[in-house]
Amino acid sequence: MASNITEFFGYSPSDQSPAAQKARKSLECPFQGRTCTKTLSDGLISGVCTIKPMTSGPVICCPVRLYANHYQILKDVAFQAFGGDIDLMTAGDVRAYRANHPGKPAIAVFGKRWGKELRLPSRAKKAGGKVGAYFVDWILAHIGADGKLLGFVAIEVQSIDTTGNYRAEREAYLDSGSFDGNSSAGPNWENVNKRILPQIIYKGHVLRREPLCQKGLFFISPAPVYNKIAERLGDSLEEIHQQPGSVTLMRYDLGPEVPEGQIRDLLFGGQSTTTVDQVALAFTAPKNLPPAKVYEQAITAEL
C-alpha cells in the first residue's frame with residue numbers, strides 16, 4: 001500500500017521552522033519532551049507519528065502521538081469515570097499531595113513514565129507452570145481524602161502498526177526535508193483481528209472480576225482504528241452505560257493542518273460503550289465474511 005509520512009517528530013515533514021528542524025536534528029518527540037522511543041526493526045529511531053495512505057485520510061501509527069496536550073486522554077477518562085476536577089499524579093506523590101491538600105481526593109496514575117506499569121496475569125497459575133502477563137497501559141486509581149482506594153479504571157491505548165517501510169522517505173526528511181514519490185508502508189489492519197480485539201476481550205473479562213472497577217475498560221485509538229474495529233464487529237453491538245464488564249471505545253483524530261512551527265491538535269471524535277461479552281460474541285460470529293467459494297475461484301483463476 002502506497003503512503004506518505006504526515007507527521008515526523010510531531011511536525012509536518014515539510015515544515016522548515018526552527019522548532020521542526022530542532023526536533024528532527026535531536027530526534028525528539030514533542031509529546032514526551034524526550035528522544036523518540038519508536039524504532040525500526042534495526043533499532044534506528046523512527047520519528048514517524050502519522051502516515052497517510054493514498055486511499056484514505058491520515059492514520060496515527062505511534063501510540064505516543066495520542067498523549068498530546070500533556071496526556072489529555074487520561075484526563076478525559078478520569079472525568080468520565082470519577083467526575084469533577086481531580087488531580088492526576090504518580091502513586092508515589094499521593095501521600096505528599098494529601099498532606100498539602102487535606103480533604104481532597106486524588107487520582108493515582110500507573111503507567112509508563114508515571115511511576116510503574118501494572119501487570120495482568122495472562123492465565124491462572126497451574127502446578128509447576130509459569131504465569132505470563134499482559135501489561136495494562138494505564139490504571140487510574142481514585143484515592144479518597146482518607147487515602148483509601150475508592151475505585152479504578154483500566155485504559156488501553158492502541159495506534160496501528162505498519163507493514164512495508166518508509167525508510168527512504170524518513171531519510172530524505174532527515175537530510176533535506178523533501179521527498180518525491182511514495183513509501184510502501186501501510187497500516188497493518190490484520191492486527192485488529194490478531195492482536196487488538198483478543199486483548200480487549202481478555203482484559204475486559206479479567207477486569208469484570210474486580211469489584212472496584214465499576215466503569216470497566218477504556219480503549220483509546222485513532223478514529224481509523226476504531227472504524228476498522230466497528231467494521232470487524234458489525235452493527236449488532238448494543239450501546240450500554242459504563243458498568244463492570246463494559247468496554248468504552250474512544251476515538252481521536254488529527255485536527256486541521258496548521259502553519260509551520262505548530263503541531264496539529266488531537267481531537268476527540270466520539271465514543272461507544274458495550275459489554276465485553278458482546279465484543280467476544282461479535283468477534284467470533286460468522287459475520288462480515290467474504291462471499292462463498294472465494295478460495296475455489298482464486299484457485300481456478302490460477303489454473
So residue 263 passes all but one of these: (1) touching a strand residue (DSSP E or B) at 6+ places or on another chain (Cβ under 7 Å); (2) under 22 Å from residue 218 (Cα atoms). Which condition number does it fail? (2)
So if I check each of 301, 292, which one is farther than 30 Å from residue 6 by Cβ and in a loop (DSSP other than H, G, I, E, B)? 292
The range 42-74: number of residues that are on the phi < 0 side of the Ramachandran plot and in a loop (DSSP other than H, G, I, E, B): 10
Any chance residue 57 is in contact with a helix residue (DSSP H, G or I) (Cβ under 8 Å, 6 or more places away or on another chain), buried (at least 21 other Cβ atoms within 10 Å of the Cβ) and either under 30 Å from residue 103 (Cβ atoms) or outside the structural domain of residue 105 (by TED's automatic domain parsing) (or both): no
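The values are calculated or read from the model by the stated rules, or taken from the named source; none is laboratory data. None of these values were measured; they are calculated from a predicted model. In this analysis, Cβ positions are derived from the backbone assuming ideal geometry, glycine residues included, and neighbour counts consider all displayed protein chains.
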